[in-house]
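Encoded as structure tokens, the structure appears first; notes follow it.
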Amino acid sequence: MASYLCLSVILIDSEIDNFGVFGLADPNGPMIYKGLYHLFYQYNPKGAVWGNIVWAHSTSEDLVNWTPHEPAIFPSQESDINGCWSGSATILPSGKPVILYTGINPQNQQVQNYAEPKNLSDPFLREWVKLPQNPLMAPTQANQINASSFRDPTTAWLGPDKWWRVIIGSKRNRRGLAILYRSKDFVYWVKAKHPLHSAKGTGMWECPDFFPVSVDGPVGVDSSAIGGKVKHVLKLSFDDTKHDHYTIGTYNFDKDIYIPDKGSVEGYTGLRYDYGKFYASKTFFDDVKNRRILWGWINESSSVNDDIKKGWSGVQAIPRTIWLDKYGKQLIQWPIPEIEKLRLNNVNLSNKLLKAGSKLQISNVQALQADVEVSFKISGFEKAEKLDPSWTNPQMLCSQKGASVKGGLGPFGLHVLASKGLEEYTAVFFRIFKSYDKYVVLMCSDQSRSSLNEDNDKTTYGTFLNVDPVYETISLRTLIDHSIVESFGGKGKACITARVYPTLAIGYGANLYAFNNGNQDVQITSLNAWSMKKAKIY
Ligand code: DQQ
């Protein structure tokens, strides 16, 4: 669902070309102001590759249709003359939004700057002014901060002591750091003695995000909420692996430290927002609809040459609402309901048996731009393959047991962006294994056959899905838009996003199928598919 802003809204690729060359990356400073949603993002106005970084700016009434504006923040001061990198917005108690962002100074040091709207009565907040005092936070000999690893300030939060706090991503050797600063007036910031959190062996932490989540269900809470009704989430974008990982834990306000819960794994094996392409993400609290919304950058899987040829790179994922699941052990994500207004002509199937070794075409859906929701009921558990205890890496398991590798219970799922003769397809699917005391569900997105163009990265992605197939149906929602396949398993318990570039499965050559390559029949309890309209870019 790409647009010329590549905001992941429906548009056909050929139309993208009309708008010239550009490269898009991290979402920055998302917020709602006077009922209007704002999204800024890292943007190269001069090319489809990274460079010349400014903050591009778009606004929307509904998070679906967007109005682009002139770049909001661009190099203009000594403290950002070599680039305006990622940062976040904070809404002050007066209602005024302010931005903290990383500037690159003439010595190529990373420093933190402040910008605020020039005219608060302009709901589009088109012009931003910077403080002459910038930078407000900088590496010095005294504070020992690594000048090339000091970036991406979070939304600030206000403590009950009336001091603002913000964290900035950093590292010392291989230890990732969330450096903490405090301020009384948002202008004069003092570095705390201790980081909010750090973890060895994780390398540079880019784009940290630190926010409370309600323990009482799927509502969002303001970034400054503390106390017994909330847990805290620390999300880190690991520069070394380009994955967004998070832990759930407690913010100890007295000590100003974050402590992950026991069992909330830190580092490369911990939980991820998305097990495919999704990086440098950021949330904000929508106080009109009382929800927390997540934005993430979906980067390309194509070669740089192909990006230059097509004239653009990078899209924003469909915004997701994000909340704590009822057991408090993981987050749940779901596309914002507003996206459903793009749905057209519903195709519905129920109680359809998907026989072992069969495939079923879902007709009357424009398979190039579609929203598909399907639930599978499993039986015949004696056919489940045994899970070898050494198979602990789900991504590797998905690539060894891809969609065409026959199994017992599964692989079953969807072939999306599929050509008629299945020369090209992307498979989003499940396999069920028997471990010693339970059944384990593996969710995969297999791109190995996604394109006849061999220049693309076709890594297969995967994760284990925390669903008990004995008692629950296994659900999958997949949003398809030309080169983007965003999949939500188990009602949002696990997400996988893929970029694919079919050469045959384009236009009317794209098809959609349900398939079952296992040797046990699977019941589709319900399947709903919609063609999706194009969002409007004004
Ligand atoms: N992108 C920005 C940095 C950030 C990185 C530069 C993450 O601020 O660390 O464009 O993608």
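The values are calculated or read from the model by the stated rules, or taken from the named source; none is laboratory data. What you are looking at is a predicted structure, and each value in this text was computed from that prediction instead of being measured. Cβ: placed from backbone, ideal geometry, glycine included. Neighbour counts: every protein chain shown. Accessible surface areas use protein heavy atoms only, side chains included; no ligands, DNA or RNA. Shrake-Rupley method; radii C 1.70, N 1.55, O 1.52, S 1.80 Å.
Residues of the range 209-219 being of a type outside the set (A, V, I, L, M) and surrounded by fewer than 20 Cβ atoms within 10 Å (Cβ to Cβ), which ones?
Of the range 209-219, the ones of a type outside the set (A, V, I, L, M) are 209-212, 214, 216-218.
Correct list: Ser214, Asp216, Gly217, Pro218.
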May I ask you to verify whether Val111 is closer than 30 Å to Asp240 by Cβ and either surrounded by 14 or more Cβ atoms within 10 Å (Cβ to Cβ) or more than 14 Å from the ligand (Cβ to nearest atom) (or both)?
-> yes
Selection status of Tyr181, part of a strand (DSSP E or B) and over 18 Å from the mean Cα position of the chain (by Cα) = yes
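Here are some residues: Leu452, Leu417. Which one is at pLDDT 95 or above, at positive phi and among the aliphatic types (A, V, I, L, M)?
Numbers: Leu452 fails: at positive phi.
From the options Leu452, Leu417, the qualifying one is Leu417.
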Got a sec? Which of Tyr327, Tyr268, Tyr251, Tyr273 is open to solvent by less than 10 Å² (accessible area, probe 1.4 Å) and hydroxyl-bearing (Ser, Thr, Tyr)?
-> Tyr273
Can you pull out the residues in the range 495-538 that are over 30 Å from His243 (Cα atoms), among the polar types (S, T, N, Q) and in a loop (DSSP other than H, G, I, E, B)?
-> Asn517, Asn519, Gln520
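So for the range 95-105 (the condition being surrounded by fewer than 23 Cβ atoms within 10 Å (Cβ to Cβ), within 16 Å of the ligand (Cβ to nearest atom) and assigned by TED's automatic domain parsing to the domain that holds Phe211), does at least one residue qualify?
Quick first cut of the range 95-105, residues surrounded by fewer than 23 Cβ atoms within 10 Å (Cβ to Cβ) only: 95-98, 104-105.
Subsequent filtering for residues that are within 16 Å of the ligand (Cβ to nearest atom) retains 104-105.
Retained after the next criterion (residues that are assigned by TED's automatic domain parsing to the domain that holds Phe211): 104-105.
Taking every residue of the range 95-105 in turn, at least one turns out to be surrounded by fewer than 23 Cβ atoms within 10 Å (Cβ to Cβ), within 16 Å of the ligand (Cβ to nearest atom) and assigned by TED's automatic domain parsing to the domain that holds Phe211.
Identify all residues within the range 224-242 that are free of Cβ contacts under 8 Å to residues at least 24 places away in the same chain and under 13 Å from Thr155 (Cβ atoms); write none if there are none. Lay out the reasoning, then the answer.
First, the residues of the range 224-242 that are free of Cβ contacts under 8 Å to residues at least 24 places away in the same chain: 225, 227-230.
Passing the criteria: only Ala225.
Can you pull out the residues in the range 69-87 that are away from the ligand (no atom under 11 Å from the Cβ) and either at pLDDT below 95 or among the small types (Gly, Ala, Ser) (or both)?
Residues of the range 69-87 away from the ligand (no atom under 11 Å from the Cβ): 69-82.
Within the range 69-87, Ala72, Ser76, Ser79 qualify.
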Pairs, please: C-beta under 8 Å, at least 6 apart or cross-chain, first residue farther than 10 Å from Ala156 by Cβ and open to solvent by 50 Å² or more (accessible area, probe 1.4 Å) and in the range 81-92, second of a type in the set (D, E, K, R) and in a strand (DSSP E or B)?
-> Trp85/Arg151
Mind checking whether some residue in the range 187-208 is under 21 Å from Gly249 (Cβ atoms), without any contact (Cβ under 8 Å) to a residue 40 or more places away in the chain and open to solvent by 70 Å² or more (accessible area, probe 1.4 Å)?
-> yes
Asp256 versus (1) in contact (Cβ under 8 Å) with a residue 24 or more places away in the chain; (2) within 20 Å of Ile332 (Cα to Cα): which is the lone unmet condition?
-> (2)
Only one of (1) more than 20 Å from Ala494 (Cα to Cα); (2) of a type in the set (Phe, Trp, Tyr); (3) free of Cβ contacts under 8 Å to residues at least 60 places away in the same chain is not met by Phe433, so which one is it?
-> (1)
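Do the conditions hold for Leu409, that is, is it more than 18 Å from Gly357 (Cα to Cα) and either without any contact (Cβ under 8 Å) to a residue 60 or more places away in the chain or not small (Gly, Ala, Ser) (or both)?
Numbers: more than 18 Å from Gly357 (Cα to Cα): no; either without any contact (Cβ under 8 Å) to a residue 60 or more places away in the chain or not small (Gly, Ala, Ser) (or both): yes.
It is false that Leu409 is more than 18 Å from Gly357 (Cα to Cα) and either without any contact (Cβ under 8 Å) to a residue 60 or more places away in the chain or not small (Gly, Ala, Ser) (or both).
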Checked the range 149-178 for anything among the polar types (S, T, N, Q), surrounded by 14 or more Cβ atoms within 10 Å (Cβ to Cβ) and assigned to a loop (DSSP other than H, G, I, E, B); matches are Ser149, Thr154, Thr155
Mind listing whichever residues of the range 282-311 are touching a Phe, Trp or Tyr at 6+ places or on another chain (Cβ under 7 Å) and surrounded by fewer than 24 Cβ atoms within 10 Å (Cβ to Cβ)?
-> Ile293, Asn299, Ser302
Can you tell me which residues in the range 357-394 are over 26 Å from Ser483 (Cα atoms), open to solvent by less than 60 Å² (accessible area, probe 1.4 Å) and hydrophobic (A, V, I, L, M, F, W, C)?
-> Ile378, Phe381, Ala384, Leu387
